[in-house]
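The values are calculated or read from the model by the stated rules, or taken from the named source; none is laboratory data. All of these numbers come straight from a predicted model, not from anything done at the bench. Every residue, glycine among them, receives a Cβ derived from its backbone with ideal geometry; neighbour counts consider all protein chains shown. Surface accessibility is based on the protein's heavy atoms, side chains included, excluding ligands, DNA and RNA. Shrake-Rupley method; radii C 1.70, N 1.55, O 1.52, S 1.80 Å.
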Amino acid sequence: MEVILSKEAGFCFGVERAIRMAMQSTEKEAGKVYTFGPIIHNPQVVEDFKKKGVEVIADPEDISAKGVVVIRAHGVKPTVESEIKQMGVEVVDGTCPIVKHSQKYAKKLYDEGYQVVVIGERHHPEVIGLLGYTNETAIVIDPDVTEVQIPPGKKLGVIPQTTLEVKDFLRVVGLLIEKAREVRVFNNVCNAVTDIQEATKELSQEVDMVLVIGGKNSANTSRLAVICRALGKSAHHIETPKEIQKDWFYGMKRVGVTAGTSTPDWIIQAVMERAQKLGEEAEREVLAANS
Ligand code: SF4
């Protein structure tokens with residue numbers, strides 16, 4: 001049995017950058033280190049930081065000691081950033097530059113009188129942060145909708161959650177154009193995500209099954225599993241090698257491995273090794289049973 005790694009998988013530059021900034025903060029000895037929300041959507045990486053004394057907070061009020069607060073790649077509302085600063089700590093801004101671009105554009109559209117529309121998941125931290133740049137006035141539209149409701153007579157300024165699939169973004173923009181006279185679209189879908197999605201589609205054509213690695217709370221990882229299944233492939237979304245089961249491999253000749261943007265290389269390698277081992281064991285059992 002062969003295990004094939006997707007041409008594109010794992011950490012994007014925005015996540016790598018935020019992790020590096022958090023790591024450097026733990027080495028600075030500038031007091032307690034906090035991250036505002038889990039640094040990335042990967043419980044294993046968050047656990048590693050916890051062992052280094054890093055505390056995850058959900059509210060600026062949770063800051064109880066002097067030190068550093070690292071803002072993760074998804075970014076935060078401007079009001080949250082001000083509240084953190086008011087607590088007298090240093091702010092290390094790990095907001096991905098691509099997300100930062102969306103935030104600036106959301107503010108610009110809002111200031112110019114547009115009704116801002118964010119296409120994305122309402123409860124995703126990036127979307128929550130973006131709403132703050134429109135004084136909480138933006139409308140959020142789910143990328144899976146088939147029809148849209150918008151207030152009449154408004155000029156619309158549209159921004160995607162960066163991890164959207166381009167086809168979903170374009171489809172919803174099409175629905176909005178049918179409803180409004182003026183629609184200004186900011187295409188800020190992230191290439192890192194689309195590259196992994198395209199490579200995963202390619203991989204799906206070559207294999208019998210796909211292992212998709214990443215946090216169960218990672219939107220872009222869950223999307224990869226959906227993409228594989230939509231192409232008729234069996235896909236298992238796992239966080240760690242321990243979750244892999246031998247009975248997945250019976251009858252499999254080629255198994256693909258892909259990973260979301262918040263999955264570190266060491267987990268990808270460990271999954272590849274365990275998949276190879278269990279796949280070979282399953283193969284030997286089948287041979288023995290047939291001989
Ligand atoms: S997926 Fe793209 S936008 Fe999101 S953190 Fe990574 S590089 Fe930035």
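Sort out which residues of region 144-166 are within 27 Å of residue 260 (Cβ to Cβ) and buried (at least 18 other Cβ atoms within 10 Å of the Cβ), and write them in order of number. Before the answer, list the steps.
Step one: filter region 144-166 for residues within 27 Å of residue 260 (Cβ to Cβ), giving 144-146, 158-166.
Within region 144-166, 158, 159, 160, 161, 162, 163, 164, 165 qualify.
Hand me the list of helices (runs of 4 or more DSSP H) wholly inside region 152-259 holding 2 or more residues that are modelled with pLDDT of 95 or more, away from the ligand (no atom under 16 Å from the Cβ) and within 22 Å of residue 270 (Cα to Cα).
Working: elements: 166-179, 191-206, 219-230.
The qualifying helices (runs of 4 or more DSSP H) are 191-206, 219-230.
Yes or no: region 262-270 includes at least one residue that is touching a residue at least 60 places away in the same chain (Cβ under 8 Å) and part of a strand (DSSP E or B). If you could, list the steps in order and put the result at the bottom.
Our first condition is that a residue be touching a residue at least 60 places away in the same chain (Cβ under 8 Å); within region 262-270, this holds for 262-265, 267-268.
Now restrict to residues that are part of a strand (DSSP E or B): none.
Scanning region 262-270 turns up no residue that is touching a residue at least 60 places away in the same chain (Cβ under 8 Å) and part of a strand (DSSP E or B).
Being under 25 Å from residue 39 (Cβ atoms) and not polar (S, T, N, Q), is that true of even one residue in region 171-187? Walk me through it before giving the result.
Keep residues of region 171-187 that are under 25 Å from residue 39 (Cβ atoms), which gives none.
Looking through region 171-187, none of the residues is under 25 Å from residue 39 (Cβ atoms) and not polar (S, T, N, Q).
Given the structure, is residue 90 among the acidic types (Asp, Glu) and surrounded by 15 or more Cβ atoms within 10 Å (Cβ to Cβ)?
Details: among the acidic types (Asp, Glu): yes; surrounded by 15 or more Cβ atoms within 10 Å (Cβ to Cβ): yes.
Against the criterion (among the acidic types (Asp, Glu) and surrounded by 15 or more Cβ atoms within 10 Å (Cβ to Cβ)), residue 90 qualifies.
Condition first: surrounded by fewer than 17 Cβ atoms within 10 Å (Cβ to Cβ), over 29 Å from residue 44 (Cβ atoms) and touching a residue at least 40 places away in the same chain (Cβ under 8 Å). Can you find one or more residues in region 200-210 that meet it?
Looking through region 200-210, none of the residues is surrounded by fewer than 17 Cβ atoms within 10 Å (Cβ to Cβ), over 29 Å from residue 44 (Cβ atoms) and touching a residue at least 40 places away in the same chain (Cβ under 8 Å).
Identify, from the list 3, 68, 33, 76, the residue that is under 30 Å from residue 200 (Cβ atoms) and over 21 Å from the mean Cα position of the chain (by Cα).
Values: 68 fails: under 30 Å from residue 200 (Cβ atoms); 33 fails: under 30 Å from residue 200 (Cβ atoms); 76 fails: over 21 Å from the mean Cα position of the chain (by Cα).
Of 3, 68, 33, 76, the one residue that is under 30 Å from residue 200 (Cβ atoms) and over 21 Å from the mean Cα position of the chain (by Cα) is 3.
Just to be sure, is residue 169 in contact with a Pro (Cβ under 7 Å, 6 or more places away or on another chain) and either of a type in the set (A, V, I, L, M, F, W, C) or open to solvent by 20 Å² or more (accessible area, probe 1.4 Å) (or both)? Break it down into steps so the answer makes sense when it comes.
Working: in contact with a Pro (Cβ under 7 Å, 6 or more places away or on another chain): yes; either of a type in the set (A, V, I, L, M, F, W, C) or open to solvent by 20 Å² or more (accessible area, probe 1.4 Å) (or both): yes.
Answer is yes for this residue.
Show me the strands (runs of 3 or more DSSP E) found entirely inside region 1-87 where at least 3 residues are within 30 Å of residue 277 (Cβ to Cβ), more than 16 Å from the ligand (Cβ to nearest atom) and open to solvent by 20 Å² or more (accessible area, probe 1.4 Å).
Working: elements: 2-5, 32-36, 55-57, 67-71.
Here the list reads 2-5.
Go through region 113-130 and give me each residue that's away from the ligand (no atom under 16 Å from the Cβ) and buried (at least 19 other Cβ atoms within 10 Å of the Cβ). Explain how you work it out, then say what you get.
Applying the first criterion (away from the ligand (no atom under 16 Å from the Cβ)) to region 113-130 yields 113-117, 122-123.
Those that are away from the ligand (no atom under 16 Å from the Cβ) and buried (at least 19 other Cβ atoms within 10 Å of the Cβ): 114, 115, 116, 117.
Taking residue 110 as the residue in question, decide whether it is away from the ligand (no atom under 16 Å from the Cβ), closer than 22 Å to residue 138 by Cα and either assigned by TED's automatic domain parsing to the domain that holds residue 286 or aromatic (Phe, Trp, Tyr) (or both).
Details: away from the ligand (no atom under 16 Å from the Cβ): yes; closer than 22 Å to residue 138 by Cα: yes; either assigned by TED's automatic domain parsing to the domain that holds residue 286 or aromatic (Phe, Trp, Tyr) (or both): yes.
Yes.
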